[in-house]
Structures are given as structure tokens and as C-alpha cells.
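S.K.: This is the structure I have questions about; it appears just below.
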Amino acid sequence: MEATVPARVLVVDDEVRSLRLMSRVLGSSAIGCRTAESAAEALEILRLAPEIDVVVSDIYMPTVDGIEFLGTVRREFVDRPWLQLLLVTGQASLETAVAAMRLEASDYLFKPIEPKTLRESVQHALTRAESIRTVRATAVDSPGARELRQIADTARALAE
């Protein structure tokens, strides 16, 4: 019996075909992922799955677009600073690229996404999330942790 890989990636896209493709590409690299067809479904998954480290979201979706969705994720899950955001679009624009930067997105990918590009981007984001989790875990117990958190909070506020 094959062991299942824990899902650390959430892929959000209203196009079921894109969801299946990205899920298959990531699964072939032993990267566990869950999928959501809407921002509302994705938020519910994030509320119930704190082990999610990376969110890959399409930008152009009905009801709530990817930029608005990721803004909500940043506000609602402020207690998860390790959470990495990747945006995917078939219609890139300077406006969405700037919005992605403001949300501290890890990457901005163009459709159709090459499997290798998707795997590398997600793996990089997973590595970064793990590093942030590790630093936070050790910082809690170390001297000066409070001061470091204040500096990080100030830097984050300035970046916004």
C-alpha cells in the first residue's frame, strides 16, 4: 500500500482542467496538494488545514479574483507568516504584477505553465516556508525573540 504525501500546497483555480493538471504535476514530484475551485472553498480549506504552506492561485476567477483572494489570505492568516503565495495567470499585466509584489507573492507564473517551472516554483516556496517556520520556532525560545518579532513586524508594516 502506497503512503500518501501530506498536502502542504493548495491550488485554487476555477478551471477544473487546470486544477487537475497542476495537481498531477505536483503529485508526480511527491508534493502533496489539495485543490479548490473557488476562493471561498480555498479559505475554508485554509481554516481547517494549518499544515498548508503554499497557495497557488489563478488571478482571473469569477466572484473573487486571485489578487483579492490572496489579500484576504494575508489578512486572515496573519498568524502564518510562512504561508507562501504564488499567482498564476493567462493574462499578465503590470497592474497584477505590482499587486502580487505588494502581497509578497513568491512567484508570478504564466499559463500555460511548464511542469518543470511549476515544480521548481512550488519547491522553492515550500523550502522558504519551512525556513520561516524553523526560524520562528527557534526564535520563540531564544533571548531577544520579542525584539526580533517587533523588528519583523515593523519591516512588514513598512513594506505594506
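S.K.: Taking the stretch 105-126 as the region of interest, how many residues are farther than 17 Å from Val25 by Cα and surrounded by fewer than 19 Cβ atoms within 10 Å (Cβ to Cβ)?
M.R.: Qualifying residue count, the stretch 105-126: 1.
S.K.: Got a sec? Which of Thr154, Thr72, Thr138 is in a helix (DSSP H, G or I), β-branched (Val, Ile, Thr) and closer than 19 Å to Val12 by Cα?
M.R.: Only one candidate qualifies: Thr72.
S.K.: Here is a further query. What are the residues in the stretch 77-104 that are assigned to a loop (DSSP other than H, G, I, E, B) and either farther than 21 Å from Pro62 by Cβ or open to solvent by 60 Å² or more (accessible area, probe 1.4 Å) (or both), if any?
M.R.: Passing the criteria: Phe77, Val78, Asp79, Arg80, Pro81, Trp82, Leu83, Gln91, Glu104.
S.K.: Taking the criterion of being buried (at least 21 other Cβ atoms within 10 Å of the Cβ), more than 23 Å from Arg136 (Cα to Cα) and not charged (D, E, K, R), would at least one residue in the stretch 23-32 satisfy it?
M.R.: Yes, that holds for at least one residue.
S.K.: Sticking with this one: Being closer than 20 Å to Leu19 by Cα and open to solvent by less than 80 Å² (accessible area, probe 1.4 Å), is that true of even one residue in the stretch 127-141?
M.R.: no
S.K.: Could I ask something else about it? Residues of the stretch 56-72 being open to solvent by 10 Å² or more (accessible area, probe 1.4 Å) and either among the hydroxyl-bearing types (Ser, Thr, Tyr) or touching a residue at least 60 places away in the same chain (Cβ under 8 Å) (or both), which ones?
M.R.: Passing the criteria: Tyr60, Thr63, Thr72.
The values are calculated or read from the model by the stated rules, or taken from the named source; none is laboratory data. All values reported here derive from a predicted model rather than from experimental measurement. We place every Cβ from the backbone using ideal geometry, glycine too, and count neighbours over all the protein chains shown. Surface accessibility is based on the protein's heavy atoms, side chains included, excluding ligands, DNA and RNA. Shrake-Rupley method; radii C 1.70, N 1.55, O 1.52, S 1.80 Å.
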